[in-house]
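Below is one structure, written out as structure tokens; comments come after it.
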Amino acid sequence: MNILVINGPNLNLLGIREPDLYGRQDYAALVSLVEETCRQAGMDVEVFQSNHEGAIVDKIQEALGKFDGIVINPAAYTHTSVAILDALKAVALPAVEVHISDVSQREDFRQISYAGMACVKTYMGLGLEGYRQALLYLKEYLQTH
Ligand code: DQA
């Protein structure tokens with residue numbers, strides 16, 4: 001089972017960026033958590049981060065035929081990007097959405113998730129733990145579908 005984890009803009013600044021919202025662990029800690037979770041669960045993983053919408057669209061397109069499923073935190077593009085939604089729908093790989101913060105309790109402009117419309121499940125407000133849960137859910141989903 002080969003999983004692609006995609007992180008959108010500003011997530012490379014984890015630990016520095018608004019720590020009260022996103023925590024004090026840095027991006028390297030997130031990558032370690034993802035890799036360790038996948039190692040323990042017997043899954044292969046690639047972790048990708050970009051601040052550029054088109055690069056994320058390209059990565060989703062390239063996932064076709066290479067990966068079995070996607071875990072994605074599109075960050076701010078969650079609330080704006082029909083292009084990322086369309087890319088997820090185009091490749092039709094099972095995808096799970098993650099948000100570190102609880103976006104449901106934040107500003108109105110964060111209440112829409114375009115990418116989420118193409119995802120089988122969303123985890124939010126669990127901090128980095130949300131990625132672990134998303135990966136384990138995706139494993140279970142891929143085994144049963
Ligand atoms: C986020 C929530 C988004 O609204 C925000 O733009 C982010 C991070 C999260 O993980 O909580 O950059 O996706």
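No lab work stands behind these numbers, since they all come straight from the coordinates. Treat the numbers as computed from the prediction; the structure is a model and nothing was measured. Heads up, the Cβs are rebuilt from the backbone with ideal geometry, glycines too, and the neighbour counts pull from every protein chain shown.
Here are a few things to note about the model shown:
- Neighbour net charge for LEU142 - beta-carbon separation under 14 angstrom, K R +1, D E -1: -1
- Working note: Karplus 6.51/-1.76/1.60 with θ = phi - 60° gives the stretch 59-75 the couplings 5, 5, 4, 5, 5, 4, x, 10, 10, 8, x, 10, 10, 9, 10, x, 6 Hz, where Gly and Pro are set to x.
- Alpha-carbon centroids, the stretch 1-17 and the stretch 97-145: separation in whole Å: 13 Å
- Per-residue ellipticity at 222 nm from helix content only, as computed over the chain with -39500 (n - 2.57) for each DSSP H run of at least four residues, stands at -11500 deg cm²/dmol.
- With one equal scatterer per alpha carbon and no solvent term, the Debye-computed log10 I(q)/I(0) for the stretch 45-101 at 0.30 1/Å reads -1.63.
- Likely footprinting exposure, GLU53, GLU18, fewest C-beta neighbours within 10 Å first: GLU18, GLU53
- Electrostatic bookkeeping for GLU53 treats Lys and Arg as +1 and Asp and Glu as -1; over the other residues with beta carbon under 14 Å from its beta carbon, the sum is -1.
- Amide hydrogen proximity for VAL71: with H placed 1.01 Å from N in the peptide plane, the residues at 5 or more positions away or on another chain lying under 5 Å are LEU4, VAL5, ILE6, VAL96.
- Karplus-derived 3J(HN,Hα) values for the stretch 27-33, using 6.51 cos²θ - 1.76 cosθ + 1.60 with θ = phi - 60°, are 5, 4, 5, 5, 4, 4, 4 Hz; glycine and proline are entered as x.
- Cβ crowding within 10 Å, taken as a proxy for footprinting-reagent exposure, orders THR80, THR144, THR122, THR37 from fewest neighbours to most as THR144, THR80, THR122, THR37.
- Across the stretch 137-145, computed HN-Hα scalar couplings (Karplus, 6.51 cos²θ - 1.76 cosθ + 1.60, θ = phi - 60°) run 5, 5, 4, 4, 4, 5, 6, 10, 10 Hz from first to last residue, x flagging Gly and Pro.
- Spin-label pair LEU13/HIS52, simplified geometry with 7 Å Cα→Cβ offset, distance in nm: 1.9 nm
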